[in-house]
Amino acid sequence: MERPKRTKKGALSEKKRRTRETTRPAPRNSAQELLQAKEALERKTVELALSLSMMQATLDSTTDAIVVTDMNGNVRNFNEKYAQMMGVTRQQLKAADVHSLRLKFSQRFKDPEGFVSRVMEIYRTAPAETFEVLEWKDGTILERYSQVQLLDQKPVGRVWSFRDVTERKRAEENLEAAKIAAENANQAKDIFLASLSHELRTPLMPAMAAASYLAEHENLPSEFRDEVTAIWRNVQLEAQLINDLLDVTRITRGKIEINHEVADVHRLLQNALEIVKSDIAKKNIMLAIDFGATRHHIWADPVRIQQVFWNLMNNAVKFTPQNGHISIRSFITGDHFVFEITDTGIGIEPERQASIFEPFHQGERSITRRFGGLGLGLTISKTLLDLHGGTIMVESAGKNQGATFRVFLDLLSEPVTATVQATNGDVALSKQLRLLLVDDHADTRGLLSRLLIKNGHDVVTADSAQKALEILDTQQFDVLISDIGLPDTSGYELIREAKRQRPLKGIALSGLGMDEDVRRSIEAGFDHHLTKPINFQELQSVLGRIVSD
């Protein structure tokens, strides 16, 4: 039986029916998708709740008080620390009127109106960030920070944080107070040391001047020469101890001044040897000298470098026993002048060698008691060499094995001809000088006057600035020799007034020997500054230069 033929229209309807049946989802698949979507939503809800819980826990765990507001100041979130700072519970904070709570909170601050006014200004102007330091009436100090929150580059709220920095601020204030106190104490110490220096130097002055004059006097009976020399040597030692203390003060304050010039190192070594030669002879020490350096000129402060050499030589003599050996030599290494001194003394233990250049270090206390001194010489020497770009090294095989010190100094690149300077004893006065000597210390004034008169000068004395000025009104003088610390006014004022009245040279004799003191005396008008106690030959040398000017 033949099928009936379908028309074209009927074929199209059948095709549409089949297409709808093919694309229509099965009822079972739709239910599965709905279930899956519900489960995904539940998971996201749980994850969101967990994230919110973790965020809240994070906020609550911070030490800062944090609150999040919208752009109008309404609270959206906060942590437990913020609720505690506001003095309310979480429930009270959530239910409270923001403006009323802010007014209540402001009363805790020293400036309540300023607190509220600033908060309102921040909400009005909406700056990206703010930072202020605030203080409560009870002294609590807070740092307040706020930052705008952005969503799609648009401001939607502000995060505020409050941090209690009271302890930190108090610690900073205490630290600053301690710093000021330390600076004041340090200044007081410097003033005390300067005063102590003056008081110690003044009585040493006549002893030093008399001993130095008598020790070199050709008519001194031989039976007294050793005693006088011993007095002179010990007064020099006392003066050196004072200088060491002052030098340490200069070091700690960074106030050591270096005056560079061309210096012949061999001449400086010879000068230092002259100072210690009597001690070497007294201990019958065998001295070997080998100045083998073919170049020996440096750019340095000759006084300070000679001080380094003297310290090292003095230590070698002090720590070397009777009948010991000391060898001194110089040589060249590259572009460096090397000074080396080796002794057969008490030596230095290996564990002490690393700290031998520290202040007040002489190892065991028994060494200090046995040999004396303050343990400052090596510290000062290293500092002076550092300022000259030099170095110092020490070697020792151990206790009672002697020691070797080496000093390295940069040589001048160009050869120079040394200027030979006369020593103190080389100065011969060819002219009688009219001298006005001003000092309130009677022994110093009387002794110096007698010594200067014996050396051919015409001397007038005064014990105060006022008497000196009265004398200057009626008499003419070549040189004013004056102490700085006079009872009625300072020597600075005296030299200014003296030079205003008439031309004359000025020599300051002062127990104040800091670099600042020397600078002040020169600025006041003194031509020379000699620090007490001085050898009489030092004063002779200065007067000799004045004669030759």
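The values are calculated or read from the model by the stated rules, or taken from the named source; none is laboratory data. Just so we're clear, the structure is a prediction, and the values are computed from it rather than from any experiment. Every residue, glycine among them, receives a Cβ derived from its backbone with ideal geometry; neighbour counts consider all protein chains shown. Note: areas computed on protein heavy atoms with side chains; ligands, DNA, RNA excluded. Shrake-Rupley method; radii C 1.70, N 1.55, O 1.52, S 1.80 Å.
Applying a 10 Å radius around every beta-carbon, put 97-109, 519-531 in order of their mean neighbour count, most first.
519-531, 97-109
Would you mind calculating the gained length between Leu35 and Thr89 on full extension (0.36 nm times residue separation, minus the Cα-Cα distance), in nm to one decimal?
15.3 nm
Sort out for me the Cα centre separation of the stretch 281-321 from the stretch 467-537, rounded to whole Å.
35 Å
Ignoring any ligand, DNA or RNA, what whole percent of the accessible area of the stretch 141-229 comes from carbon and sulfur when the probe is 1.4 angstrom? Could the numbers behind the result be given before it?
Numbers: 3170 of 5560 Å².
The computed percentage sits at 57.
Work out how much length Thr474 to Ala178 would gain on full extension: take 0.36 nm times their residue separation and subtract the Cα-Cα distance, in nm to one decimal.
Fully extending the segment from Thr474 to Ala178 adds 101.0 nm.
What ³J(HN,Hα) values, in whole Hz, does the Karplus curve 6.51 cos²θ - 1.76 cosθ + 1.60 give for the stretch 146-157 when θ = phi - 60°, with x put for Gly and Pro?
After applying 6.51 cos²θ - 1.76 cosθ + 1.60, I find 9, 8, 5, 9, 10, 9, 6, 6, 10, x, 10, x Hz.
Apply the Karplus curve 6.51 cos²θ - 1.76 cosθ + 1.60, θ = phi - 60°, to the phi angles in the stretch 104-119 and return the couplings in whole Hz, x for Gly and Pro.
Couplings: 5, 5, 5, 5, 7, 8, 5, 10, x, 4, x, 4, 5, 4, 5, 4 Hz.
Full extension from Lys431 to Thr333: what is 0.36 nm times the residue separation minus their Cα-Cα distance, to one decimal in nm?
30.5 nm
If packing is taken as the mean number of other Cβ atoms within 10 Å per residue, what is the order of 379-385, 288-294, 115-121, highest first? Let's see the in-between values first.
Details: 379-385: 21.6, 288-294: 12.6, 115-121: 15.0.
Those peptides, ordered most packed to least, come out 379-385, 115-121, 288-294.
Tell me which residues come under 5 Å, amide H to amide H, from Gly345 once H is placed; ignore anything under 5 positions away on its chain.
Gly402, Ala403
Hey, can you rank 317-323, 175-181, 433-439, 299-305 by average C-beta count inside 10 Å, highest first?
In descending order of packing, they fall as 433-439, 299-305, 317-323, 175-181.
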